[in-house]
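Comments concern the structure below.
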Amino acid sequence: MDAGMKKLLLVAAVALVDGDGRVLLAQRPEGKMLAGLWEFPGGKVEPGETPEETIVREVQEEIGVETKVACLAPLTFASHSYDDFHLLMPLFVCRRFWGIPEPKEGQTLKWVRPRQMRDYPMPPADLPLIPHLIDLL
C-alpha cells in the first residue's frame, strides 16, 4: 500500500513522571496488537476530542489516575508508518496527577528511569521519544 493511501491514526500518549523522575510504562496485554511491548499510557483520539482530553480520559480508564488538561505539557511527537496505517502521536509530560496507577485493562505497569527505557521492548514509534525524556529528566 502506498504511504499516501494509509489511514492516519491520531493517538495521544503521556509520560507520567513521579517524584523520583521515573516515567510510567505499560506493557500491552496478550491479544492486542504489539502485545508484550512497553508503551506510554494513552490511546486513540476520539472524534470531537483534543489530544489533551484523550489523555485525561485514557489515564482514568486505563490506570485509574486523574489529571487535568492544565497539568499536561507537550514534549514531542512521533510520526511512524506501520504496514497498514500511519501513526501520529503527540507525547505530553505530566507531573501532577492524583491516585496510584493500577492496571485496569490487563496490562503490567512499571516505573522506569528514562535512561533504562531501552531495556524494555517498545513499539517502533515510541523509541525516538526516549532521548527527549532523557534530556528533560
Using each residue's phi in the stretch 126-134, evaluate 6.51 cos²θ - 1.76 cosθ + 1.60 at θ = phi - 60° and report the 3J(HN,Hα) Karplus result to the nearest Hz, with x for Gly and Pro. 7, 4, x, 7, 4, x, 5, 6, 4
In order over the stretch 20-28: 3J(HN,Hα) from phi, Karplus 6.51/-1.76/1.60, θ = phi - 60°, whole Hz, x for each Gly or Pro, gives 9, x, 8, 10, 7, 10, 10, 8, 5
Mean separation of Cα pairs under 8 Å and 6+ residues apart, divided by the residue count of the chain: what relative contact order is that in percent? 32 percent
Would you mind getting the Kirkwood hydrodynamic radius of the stretch 3-136 from its Cα pairs, rounded to one decimal in Å? 14.9 Å
Residue-averaged [θ]222 nm for the chain, counting only DSSP H segments that reach four residues, each worth -39500 (n - 2.57): -4500 deg cm²/dmol
Can you compute 3J(HN,Hα) from phi for each residue in the stretch 94-107, using the Karplus curve 6.51 cos²θ - 1.76 cosθ + 1.60 with θ = phi - 60°, rounded to whole Hz and x for Gly and Pro? 9, 9, 10, 8, 10, x, 9, x, 10, x, 9, 10, x, 7
Whose amide H sits under 5 Å from the amide H of G43, counting only residues 5 or more places off or on another chain, with H placed in the peptide plane? A12
Checked the stretch 71-112 against the a/c 1.5 cut and the a/b vs b/c comparison, axes a ≥ b ≥ c from its Cα gyration tensor; verdict oblate
Taking the Cβ of H132 as the centre, find all other residues whose Cβ is under 14 Å away and add up their charges (Lys, Arg: +1; Asp, Glu: -1). 0
Can you list residues whose amide H is under 5 Å from Y82's amide H, if they're 5+ apart or on another chain and H is modeled 1.01 Å from N? L87
Subtract the Cα-Cα distance of K110 and R96 from 0.36 nm times their separation in residues, and report this length gain in nm to one decimal. 3.3 nm
At Y120 and H132, where each label point lies 7 Å from the Cα along Cα→Cβ, what is the point-to-point distance in nanometres? 1.7 nm
Protection proxy ranking, peptides 115-124, 51-60, average beta carbon neighbours within 10 Å, highest first: 51-60, 115-124
Residue-span extension gain [S81 to E46] - 0.36 nm each, minus C-alpha spacing: 10.6 nm
Per-pair calculated FRET efficiency, R0 = 30 Å: K7 and K68 via Cβ, rounded to 0.05: 0.45
Number of Lys pairs in the stretch 3-136 with C-alpha atoms less than 24 angstrom apart, excluding same-chain neighbours closer than eight positions? 12
If you line up the long axis of helix 51-63 against the longest principal axis of the chain, both from Cα atoms, how many degrees apart are they, to the nearest 10? 60 degrees
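Values quoted throughout were computed directly from the atomic coordinates according to the rules given, and no laboratory measurement underlies them. Treat the numbers as computed from the prediction; the structure is a model and nothing was measured. We place every Cβ from the backbone using ideal geometry, glycine too, and count neighbours over all the protein chains shown.
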